[in-house]
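Here the structure is laid out as structure tokens; the discussion comes afterwards.
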Amino acid sequence: MKISLINALPSWVLVICLCFQFHTGFSQTDYRKEISKKATELEDKVINWRRDFHQHPELGNQEQRTAGIIARHLRELGLEVEEGVAVTGVVGILKGGMDGPTVALRADMDALPITERTDVPFKSTATATYNGQEVGVSHACGHDAHMAILMGVAEILAGMRENISGTVKFIFQPAEEGMDDLDTWGAKQMVEEGVMDDVEAIFGLHINSQTPVGTLKYRAGPAMAAVDNLEITIKGKQAHGAYPWSSVDPIVTASQIVLGLQTVVSRSVNVTEIPAIVTVGSIHGGVRHNIIPEEVEMIGTIRTYSEEQQVLVHRRIREIAENIAKSAGATAEVNLRKMYPVTFNDYELTEKMLPTLQSIAGEGKLLEHELITGAEDFSFYQKAKPGLFFFLGGMPADGDPDEAPSHHTPDFYLDESGFVLGVEALANLALDYLGMDGE
Ligand code: NI
């Protein structure tokens, strides 16, 4: 049927069709194939970059060597490169041959104060001083893989730049894990320095050591929790432990507050909608068996998935702590500090890009993940513009998720054969987004 139709068309129609095809660049099928071919060719290079980063990890805001390697690579590809963004970050700009919007792809660069215990040949033996302590340093969260994957994506897209309608911004961001002494994160600072101003949408991935290679995982809407720090100081009246009637005992009050806080989630949060977490992680007061102290301090963490829920949980924590303290004649000073916002995958953008992830992952390899109670500073970009953050399998195919070492542990291990899928996913997301927008 098709053949007979083409035969029936005058030859000038075919010429126009061919020219049109040429001017709009690759069709989606063309660039899918091209990206897949290039990603396979680049696999060794990506793995070698990762191993080099792995062997030379650097803590947050100290990623000087790492940044230098990234910046050199991006310059060699002919990208416009800005260094020293948000302390040690690198931003590369790839302008396509045709006009269009700007889409951003992000990788994080920092390692952790963890001594590596694996026996890989490129094992890290690096050390650093952290909070006044000598510590081992390693890429125990896989950010080395994120950088190597994004460098591969940059190389592929730079080779196709004439056919790209729009701009791809490569964001290499420091300090995802945050800085103990500062209430800031690489992503937050990147946004404050205007990195997202001209960006229409952003994509990022996290490799996962407990998800089998060849798998992608995503979740629309709230995906990872917002984190807030909880600090409560209870002030009572000090007394001899043998004369408790003359005290206002902050230890008993603190105990009641800890129990009272258990009702925030169980009695105030609508758990059929979305869960929340309130955890007291440390409680400290007193020095001796026969002294009732004046003060008790407790700290903890709060996890929520929406701003309304966060407002409710904060309000209940204050009401419970302050009123229990009041009933005992004590006072409770409640300090709730917002750390990471919720990692929120824009519903519209997720729906739009889902076919891309599906076609790259293949049948049965794109899964929806459960709510994650951990957090990610990618959320700061998503507060600025719509974004999609997804997970890439990094566990050997025959591994057991329950046995595989988790992130932030000394035995953390990645199966590098999963990287190609990450390269393909990010490259295709960028091109599909830009392509679709022009339509
Ligand atoms: Ni991480």
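The values are calculated or read from the model by the stated rules, or taken from the named source; none is laboratory data. Predicted, not measured: the structure shown is a model, and the values here were computed from it. Here Cβ is always computed from backbone atoms with ideal geometry, including for glycine, and neighbour counts include all displayed protein chains. For the accessible areas, the whole protein counts, side chains as well, though only heavy atoms, and no ligand, DNA or RNA atoms are used. Shrake-Rupley method; radii C 1.70, N 1.55, O 1.52, S 1.80 Å.
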Of all the accessible heavy-atom surface of the chain, with the other protein chains kept in place and a 1.4 Å probe, what percent is carbon and sulfur? 52 percent
What does the highest-first list of 63-73, 186-196 look like by mean Cβ count within 10 Å? 186-196, 63-73
Please compare each pair in LYS38/LYS217; LYS33/LYS123; LYS45/LYS385; LYS38/LYS95; LYS169/LYS383; LYS37/LYS123 to a cut-off of 27 Å on the Cα-Cα distance and tell me which ones are over it. LYS33/LYS123; LYS45/LYS385; LYS37/LYS123
Answer in debye to the nearest 20: the dipole magnitude of the range 226-340 about its Cα centre, from +1 Lys/Arg and -1 Asp/Glu charges placed on Cβ, is 120 debye
Can you pull a Stokes-Einstein diffusion coefficient for the range 80-191 at 10 °C (1.306 mPa s), Rh from Kirkwood over Cα pairs, as a whole number of µm²/s? 101 µm²/s
In whole Hz, the Karplus estimates of ³J(HN,Hα) for the range 102-109 (6.51, -1.76, 1.60; θ = phi - 60°; x where Gly or Pro) are 10, 10, 10, 10, 10, 10, 9, 10
Treating only the Cβ atoms of Lys and Arg (+1) and Asp and Glu (-1) as charged, compute the dipole magnitude of the chain about its Cα centre; round to the nearest 20 debye. 520 debye
Using alpha carbons only, how many degrees (0 to 90, rounded to 10) separate the axis of helix 347-361 from the longest principal axis of the chain? 60 degrees
Solvent-accessible heavy-atom area per residue, rounded to whole Å², over the chain at 1.4 Å: 47 Å²
For the chain, give me the percentage of DSSP beta bridges that are antiparallel, rounded to the nearest 5 percent. 65 percent
Two decimals is fine: what's Rg over Rh for the range 156-262, C-alpha atoms, Kirkwood radius as Rh? 1.24
Per-residue HN-Hα couplings for the range 304-313, Karplus 6.51 cos²θ - 1.76 cosθ + 1.60 at θ = phi - 60°, whole Hz, x for Gly and Pro? 9, 10, 7, 5, 5, 5, 4, 4, 4, 5
Long-range amide H contacts for VAL342: which residues qualify at under 5 Å (H placed 1.01 Å from N, peptide plane, sequence gap of 5 or more or a different chain)? ALA226
Normalised contact order of the chain, rounded percent, pairs of Cα under 8 Å and 6 or more residues apart: 22 percent
Interchain or sequence-distant (5+) residues whose placed amide H lies within less than 5 Å of the amide H of THR184 are MET179
Projected onto their principal axes, the Cα atoms of the range 226-340 stretch, largest extent first, over whole-Å spans of 49, 23, 17
Let me check I've understood the local charge: for THR66, count other residues with C-beta under 10 angstrom from its C-beta, Lys and Arg +1, Asp and Glu -1. What total comes out? -4
Per residue of the range 329-342, what does 6.51 cos²θ - 1.76 cosθ + 1.60 with θ = phi - 60° give for ³J(HN,Hα)? Whole Hz please, x for Gly and Pro, Karplus curve as stated. x, 9, 10, 10, 9, 9, 10, 10, 10, 6, 9, 8, x, 5
Tilt of helix 28-41 relative to the longest C-alpha principal axis of the chain, in degrees (0 to 90, nearest 10)? 70 degrees
Under 5 Å from the placed amide H of HIS206, counting only residues 5+ away or on other chains, we find PHE390, PHE391, LEU392
Run through the range 240-320 and list the trypsin sites (Lys or Arg not before Pro) located in a DSSP loop whose Cβ has at most 11 other Cβ atoms within 10 Å. ARG288
Can you give the calculated 222 nm mean residue ellipticity of the chain, where each DSSP H run of n ≥ 4 adds -39,500 (n - 2.57) and the sum is split over every residue, rounded to the nearest 500 deg cm²/dmol? -11500 deg cm²/dmol
If the elastic network links every pair of Cα atoms under 10 Å, which of PRO250, PRO174, PRO212 fluctuates the most in the Gaussian network model of the chain? PRO250
Taking a straight Cα-to-Cα line shorter than 29 Å from LYS326, and setting aside same-chain lysines fewer than 8 residues away, one finds LYS235, LYS237, LYS338
Computed on Cα atoms, the radius of gyration and Dmax of the chain in angstrom are 26.0, 106
With axes computed from alpha carbons, what is the tilt in degrees of helix 11-23 against the longest principal axis of the chain, rounded to the nearest 10 within 0 to 90? 30 degrees
